Amino acid sequence: MGQPGSGVDTDAGTAPADGRLPPGQRMQRGEWPVLHYGPVPRFKPASWDFRVTGATADGEEAIWFHEEFGALPTVEVVADFHCVTKFTMLDASWRGVSGRTILDLAPPAPDATHVTVWAEYGYSSNLRLEDLLREDVVFATHHDGAPLTPEHGFPLRLILPHRYAWKGPKWVRGIEYLTEDRRGFWEERGYHNIGDPWREQRYSYQEDPGDGPPL
(Lines give C-alpha, C1' and ligand atoms only; values in the text may rest on other atoms or scores of the structure.)
Protein backbone atom coordinates (compact mmCIF):
# COMPACT_ATOMS: atom_id res chain seq x y z
CA MET A 1 0.00 0.00 0.00
CA GLY A 2 1.08 3.59 -0.64
CA GLN A 3 1.82 6.55 1.52
CA PRO A 4 0.26 5.57 4.87
CA GLY A 5 3.27 3.90 6.42
CA SER A 6 2.90 1.07 8.86
CA GLY A 7 3.58 0.29 12.48
CA VAL A 8 4.32 -2.40 14.99
CA ASP A 9 1.18 -3.72 16.66
CA THR A 10 1.66 -3.63 20.41
CA ASP A 11 -0.97 -4.19 23.06
CA ALA A 12 -3.70 -4.46 20.46
CA GLY A 13 -6.86 -2.69 21.52
CA THR A 14 -5.19 -0.83 24.40
CA ALA A 15 -5.85 2.91 24.36
CA PRO A 16 -4.06 5.59 26.36
CA ALA A 17 -5.87 6.79 29.44
CA ASP A 18 -6.89 10.08 27.87
CA GLY A 19 -8.71 8.35 25.00
CA ARG A 20 -6.67 9.89 22.21
CA LEU A 21 -6.76 6.87 19.91
CA PRO A 22 -9.36 6.94 17.12
CA PRO A 23 -11.60 3.88 16.76
CA GLY A 24 -9.78 0.73 15.68
CA GLN A 25 -6.29 2.18 16.20
CA ARG A 26 -3.41 0.81 18.29
CA MET A 27 -0.44 2.66 19.71
CA GLN A 28 2.79 2.17 17.81
CA ARG A 29 5.83 1.76 20.04
CA GLY A 30 9.40 1.62 18.84
CA GLU A 31 10.70 2.57 15.43
CA TRP A 32 8.57 4.12 12.72
CA PRO A 33 8.46 1.33 10.11
CA VAL A 34 8.47 2.03 6.39
CA LEU A 35 5.61 1.19 4.06
CA HIS A 36 4.92 2.64 0.64
CA TYR A 37 3.91 1.76 -2.91
CA GLY A 38 6.71 1.58 -5.46
CA PRO A 39 10.39 2.51 -5.19
CA VAL A 40 11.91 5.33 -3.16
CA PRO A 41 12.59 8.18 -5.59
CA ARG A 42 16.10 9.53 -5.98
CA PHE A 43 16.33 13.12 -4.80
CA LYS A 44 17.89 15.47 -7.35
CA PRO A 45 18.19 18.93 -5.78
CA ALA A 46 19.08 20.65 -9.05
CA SER A 47 15.77 19.68 -10.65
CA TRP A 48 13.48 19.52 -7.60
CA ASP A 49 10.69 22.07 -7.36
CA PHE A 50 7.37 22.62 -5.61
CA ARG A 51 4.53 23.91 -7.82
CA VAL A 52 1.13 25.39 -7.11
CA THR A 53 -1.10 25.02 -10.16
CA GLY A 54 -4.75 24.88 -11.17
CA ALA A 55 -7.32 27.45 -10.07
CA THR A 56 -4.94 30.03 -8.57
CA ALA A 57 -6.15 33.52 -7.71
CA ASP A 58 -4.05 35.20 -10.41
CA GLY A 59 -4.25 32.38 -12.93
CA GLU A 60 -0.48 31.87 -12.73
CA GLU A 61 1.61 28.92 -11.58
CA ALA A 62 3.82 29.42 -8.52
CA ILE A 63 7.16 27.60 -8.39
CA TRP A 64 9.76 27.27 -5.68
CA PHE A 65 13.00 25.50 -6.41
CA HIS A 66 14.71 23.54 -3.66
CA GLU A 67 16.76 26.35 -2.13
CA GLU A 68 13.84 28.76 -2.42
CA PHE A 69 11.46 26.36 -0.71
CA GLY A 70 14.03 25.80 2.02
CA ALA A 71 14.06 29.55 2.68
CA LEU A 72 10.31 29.75 3.37
CA PRO A 73 9.16 30.33 6.97
CA THR A 74 8.86 27.14 8.96
CA VAL A 75 6.79 26.01 11.92
CA GLU A 76 7.09 23.20 14.43
CA VAL A 77 4.04 21.24 15.42
CA VAL A 78 3.50 18.31 17.77
CA ALA A 79 0.72 16.17 16.40
CA ASP A 80 -0.51 12.59 16.28
CA PHE A 81 -0.13 10.41 13.18
CA HIS A 82 -2.86 7.89 12.32
CA CYS A 83 -2.19 5.18 9.75
CA VAL A 84 -5.10 3.41 8.06
CA THR A 85 -3.27 0.14 8.76
CA LYS A 86 -4.35 0.77 12.37
CA PHE A 87 -1.27 2.15 14.09
CA THR A 88 -1.05 5.57 15.71
CA MET A 89 2.00 7.58 16.80
CA LEU A 90 1.21 10.07 19.55
CA ASP A 91 2.96 13.42 19.98
CA ALA A 92 5.20 13.21 16.95
CA SER A 93 7.21 16.37 16.29
CA TRP A 94 7.23 17.84 12.78
CA ARG A 95 8.96 20.83 11.21
CA GLY A 96 8.28 22.34 7.83
CA VAL A 97 6.21 24.86 5.91
CA SER A 98 2.62 25.20 7.07
CA GLY A 99 -0.24 24.67 4.67
CA ARG A 100 -1.45 28.16 5.53
CA THR A 101 1.85 29.65 4.35
CA ILE A 102 1.52 28.02 0.95
CA LEU A 103 -2.08 29.23 0.58
CA ASP A 104 -1.06 32.75 1.62
CA LEU A 105 1.85 32.93 -0.83
CA ALA A 106 -0.04 31.33 -3.72
CA PRO A 107 -3.73 31.82 -2.94
CA PRO A 108 -6.52 29.88 -4.63
CA ALA A 109 -9.21 31.39 -6.81
CA PRO A 110 -12.47 32.26 -5.02
CA ASP A 111 -14.24 29.26 -6.56
CA ALA A 112 -11.55 26.72 -5.58
CA THR A 113 -12.90 24.11 -3.15
CA HIS A 114 -10.43 21.22 -3.23
CA VAL A 115 -6.81 20.40 -3.91
CA THR A 116 -4.90 17.55 -5.41
CA VAL A 117 -1.58 16.97 -3.69
CA TRP A 118 0.91 15.69 -6.25
CA ALA A 119 3.95 13.58 -5.40
CA GLU A 120 6.69 11.71 -7.25
CA TYR A 121 5.71 9.11 -9.87
CA GLY A 122 2.34 10.84 -10.35
CA TYR A 123 0.97 9.78 -6.97
CA SER A 124 -1.90 12.00 -5.85
CA SER A 125 -4.24 12.57 -2.92
CA ASN A 126 -7.31 14.79 -2.82
CA LEU A 127 -8.33 17.07 0.03
CA ARG A 128 -10.81 19.76 0.81
CA LEU A 129 -9.17 23.17 0.62
CA GLU A 130 -10.03 23.79 4.26
CA ASP A 131 -7.87 20.80 5.26
CA LEU A 132 -4.72 22.77 4.42
CA LEU A 133 -5.78 25.72 6.59
CA ARG A 134 -5.56 23.90 9.90
CA GLU A 135 -2.81 25.08 12.25
CA ASP A 136 -1.31 21.58 12.59
CA VAL A 137 -1.05 20.82 8.86
CA VAL A 138 2.52 21.06 7.60
CA PHE A 139 4.60 20.20 4.56
CA ALA A 140 7.22 18.53 6.70
CA THR A 141 10.95 18.35 6.14
CA HIS A 142 11.85 17.07 9.63
CA HIS A 143 10.53 14.51 12.10
CA ASP A 144 11.54 14.54 15.77
CA GLY A 145 14.29 17.07 15.08
CA ALA A 146 15.99 15.20 12.24
CA PRO A 147 15.53 15.49 8.47
CA LEU A 148 13.10 12.97 7.06
CA THR A 149 14.78 9.88 5.67
CA PRO A 150 14.22 9.07 1.99
CA GLU A 151 12.05 6.10 3.00
CA HIS A 152 9.82 8.40 5.06
CA GLY A 153 9.40 11.01 2.35
CA PHE A 154 12.52 13.19 2.17
CA PRO A 155 12.67 15.93 1.11
CA LEU A 156 8.99 16.71 1.73
CA ARG A 157 5.84 14.99 2.96
CA LEU A 158 2.45 16.35 3.96
CA ILE A 159 1.34 15.80 7.55
CA LEU A 160 -2.43 15.92 8.20
CA PRO A 161 -3.08 14.89 11.82
CA HIS A 162 -6.87 14.98 11.35
CA ARG A 163 -6.79 12.51 8.43
CA TYR A 164 -5.44 9.02 7.90
CA ALA A 165 -1.81 9.27 6.83
CA TRP A 166 -2.33 8.09 3.26
CA LYS A 167 -3.99 11.48 2.60
CA GLY A 168 -0.62 13.14 3.24
CA PRO A 169 1.76 11.84 0.57
CA LYS A 170 5.46 11.28 0.83
CA TRP A 171 7.79 12.96 -1.70
CA VAL A 172 5.39 15.85 -2.37
CA ARG A 173 6.03 18.01 -5.44
CA GLY A 174 3.11 20.43 -5.34
CA ILE A 175 -0.60 21.09 -5.12
CA GLU A 176 -3.29 21.77 -7.70
CA TYR A 177 -6.32 23.89 -6.79
CA LEU A 178 -9.60 22.45 -8.02
CA THR A 179 -13.09 23.91 -8.41
CA GLU A 180 -14.60 20.46 -7.85
CA ASP A 181 -13.43 17.31 -6.12
CA ARG A 182 -11.36 14.68 -7.95
CA ARG A 183 -10.27 11.41 -6.36
CA GLY A 184 -6.60 10.67 -5.86
CA PHE A 185 -4.59 7.48 -6.30
CA TRP A 186 -5.90 5.42 -3.37
CA GLU A 187 -9.31 7.08 -3.42
CA GLU A 188 -9.80 5.67 -6.93
CA ARG A 189 -8.81 2.24 -5.64
CA GLY A 190 -11.32 1.78 -2.84
CA TYR A 191 -10.18 4.06 -0.04
CA HIS A 192 -12.52 6.58 1.55
CA ASN A 193 -12.58 9.96 -0.14
CA ILE A 194 -12.28 11.91 3.15
CA GLY A 195 -10.37 9.59 5.50
CA ASP A 196 -11.36 10.91 8.94
CA PRO A 197 -9.84 8.51 11.52
CA TRP A 198 -12.29 9.58 14.24
CA ARG A 199 -15.17 8.46 12.03
CA GLU A 200 -13.14 5.42 10.91
CA GLN A 201 -13.54 6.35 7.25
CA ARG A 202 -11.26 3.71 5.77
CA TYR A 203 -12.98 2.46 2.61
CA SER A 204 -15.16 3.88 -0.15
CA TYR A 205 -18.08 1.55 0.64
CA GLN A 206 -18.45 3.50 3.90
CA GLU A 207 -19.03 6.80 2.10
CA ASP A 208 -22.22 8.75 2.56
CA PRO A 209 -23.82 10.78 -0.24
CA GLY A 210 -21.75 13.91 -0.75
CA ASP A 211 -18.53 12.45 0.63
CA GLY A 212 -16.95 12.30 -2.81
CA PRO A 213 -17.37 12.09 -6.58
CA PRO A 214 -18.64 8.85 -8.10
CA LEU A 215 -16.15 6.01 -8.47
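Put simply, of P169, P161 the only residue that is farther than 18 Å from A119 by Cα and either modelled with pLDDT of 95 or more or not in a strand (DSSP E or B) (or both) is P161.
Among the listed residues H142, H114, which satisfies the condition of being more than 19 Å from E176 (Cβ to Cβ) and surrounded by 15 or more Cβ atoms within 10 Å (Cβ to Cβ)? Outline the logic, then answer.
Details: H114 fails: more than 19 Å from E176 (Cβ to Cβ).
On inspection, the qualifying residue turns out to be H142.
From the list G38, G59, the one residue that fits, being at pLDDT 95 or above, surrounded by fewer than 17 Cβ atoms within 10 Å (Cβ to Cβ) and on the phi > 0 side of the Ramachandran plot, is G59. Of all the residues in the range 188-215, those that are within 20 Å of A112 (Cα to Cα) and either assigned to a helix (DSSP H, G or I) or under 16 Å from the mean Cα position of the chain (by Cα) (or both) number 2.
Only one of R128, R95 is touching a strand residue (DSSP E or B) at 6+ places or on another chain (Cβ under 9 Å), over 21 Å from T53 (Cβ atoms) and basic (K, R). Can you tell me which?
Values: R128 fails: over 21 Å from T53 (Cβ atoms).
R95 is the lone residue from the list that is touching a strand residue (DSSP E or B) at 6+ places or on another chain (Cβ under 9 Å), over 21 Å from T53 (Cβ atoms) and basic (K, R).
Going through Y121, Y177 one at a time, which residue ends up being on the phi < 0 side of the Ramachandran plot, under 17 Å from the mean Cα position of the chain (by Cα) and either modelled with pLDDT under 95 or assigned to a strand (DSSP E or B) (or both)? Result of the check over Y121, Y177: Y177.
For the range 38-64, a residue qualifies if it is more than 13 Å from L156 (Cβ to Cβ) and touching a strand residue (DSSP E or B) at 6+ places or on another chain (Cβ under 7 Å), and the qualifying residues are V52, T53, G54, A55, T56, A57, E61, A62, I63.
A search for C-beta distances below 8 Å between a residue of the range 151-165 that is at negative phi and any residue that is of a type in the set (D, E) and crowded, with 19+ Cβ neighbours inside 10 Å, counting only pairs 6+ apart in sequence or on different chains, returns L160/D131; H162/D131; R163/D131. Among the residues of this structure, E135 does not count as one that is without any contact (Cβ under 8 Å) to a residue 24 or more places away in the chain, more than 15 Å from T53 (Cα to Cα) and either out of contact with any Leu (no Cβ under 6 Å at 6 or more places or on another chain) or not β-branched (V, I, T) (or both). Name the residues in the range 89-127 that are in contact with a His (Cβ under 8 Å, 6 or more places away or on another chain), in contact (Cβ under 8 Å) with a residue 60 or more places away in the chain and closer than 28 Å to G210 by Cα, would you? Across the range 89-127, the qualifying residue is only N126. As for the range 201-211, it holds no residue that is under 30 Å from A46 (Cβ atoms), among the acidic types (D, E) and out of contact with any Cys (no Cβ under 8 Å at 6 or more places or on another chain).
The values are calculated or read from the model by the stated rules, or taken from the named source; none is laboratory data. Bear in mind the structure is a predicted one, so any value in this text is a computation, not a measurement. Methodologically, a virtual Cβ is constructed for each residue, glycine included, from the backbone with ideal geometry; neighbour enumeration extends over all protein chains shown.
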